[in-house]
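Asker: Sharing a structure, written as structure tokens. Questions coming.
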Amino acid sequence: MNEATDAFLVALDISGFSNDVDPDQLLNHRMSFFQAVELTRLFPEARDQGTVRVHFLGDELRLAFLAAVDAWEVKGFVDDVFAALDRLNRHVPEPQRTRIRGAVLGGVVTWRQWRGCDFLNGQLPIQAQSWTASLAPGEVAANGPFRVSLQTEGVPVNLPERDFSGQPGYMLRG
């Protein structure tokens, strides 16, 4: 705790969550979202091995996958979340479907505690929140360090570039 560590931060946000005032629908969005995360290959394994730190803030789920997890696994996790949501949304009327957007950033995070609550701290969570706010539902952006990690691991990357307030980003989805 309170130690800076290299990680891949995945920040996923329920799009339009704050605009839906129906408490049942808000609960349905959260339940679908959490179920989609649980249905992935990586999350249960990383949770059991202690290689992920989780922080839920409002409608944003932040997962810091520690250095033991490869970038290609993190990309697979994001793809798995979207695939699971597609299956979960299959029989849901269009206006009530759960949609997400997000950012995947490589860098340093710090797991901290404030008044008995654990949270992820550092520049990456701030950057993720800023980038995610400018994305449409279904879009996921990545930073340069994550892109380089994918390339280093032999994953072919031809990601469209997008500017995020003067910072270059790369679109993993959307």
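Yes or no, residue by residue, for (1) farther than 23 Å from GLU45 by Cα; (2) of a type in the set (A, V, I, L, M):
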{"residue": "ARG62", "(1), (2)": "no, no"}
{"residue": "GLU94", "(1), (2)": "yes, no"}
{"residue": "VAL108", "(1), (2)": "no, yes"}
{"residue": "GLN151", "(1), (2)": "yes, no"}
{"residue": "PRO168", "(1), (2)": "yes, no"}
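Asker: Contact list please: Cβ distance under 7 Å, first residue in the range 2-18 and of a type in the set (Asp, Glu), second residue at pLDDT 85 or above, pairs at least six apart or on different chains.
Answerer: Going by the 7 Å Cβ cut-off, the qualifying pairs are GLU3/THR110; ASP6/ALA67; ASP6/VAL108; ASP13/GLU60; ASP13/ILE100; ASP13/ARG101; ASP13/GLY102; ASP13/THR132.
Asker: In the range 123-151, what residues are in contact (Cβ under 8 Å) with a residue 60 or more places away in the chain and either in contact with an Asp or Glu (Cβ under 6 Å, 6 or more places away or on another chain) or over 23 Å from ILE14 (Cβ atoms) (or both)?
Answerer: Passing the criteria: THR132, SER149, LEU150.
Asker: Within the range 61-111, how many residues are touching a residue at least 24 places away in the same chain (Cβ under 8 Å), hydrophobic (A, V, I, L, M, F, W, C) and assigned to a helix (DSSP H, G or I)?
Answerer: The number of residues fulfilling the criteria is 10.
Asker: Could you list all residues from the range 136-163 that are farther than 19 Å from PHE77 by Cα and under 17 Å from the mean Cα position of the chain (by Cα)?
Answerer: Result: ALA136, single match.
Asker: Moving to a separate point now. Go through the range 112-154 and give me each residue that's under 17 Å from ALA67 (Cβ atoms) and part of a loop (DSSP other than H, G, I, E, B).
Answerer: GLY122, ASN143, GLU153
Asker: Separate question: Considering the range 43-60 alone, what residues qualify as being within 13 Å of the chain's Cα centre (by Cα) and in contact (Cβ under 8 Å) with a residue 12 or more places away in the chain?
Answerer: PHE43, VAL52, ARG53, HIS55, LEU57, ASP59, GLU60
Asker: Kindly indicate which of ASP59, ASP70 is over 19 Å from ASN143 (Cβ atoms), touching an Asp or Glu at 6+ places or on another chain (Cβ under 9 Å) and surrounded by fewer than 20 Cβ atoms within 10 Å (Cβ to Cβ).
Answerer: Going through ASP59, ASP70 in turn, the sole match is ASP59.
The values are calculated or read from the model by the stated rules, or taken from the named source; none is laboratory data. Keep in mind the model is a prediction, meaning the values are calculated, not measured. Methodologically, a virtual Cβ is constructed for each residue, glycine included, from the backbone with ideal geometry; neighbour enumeration extends over all protein chains shown.
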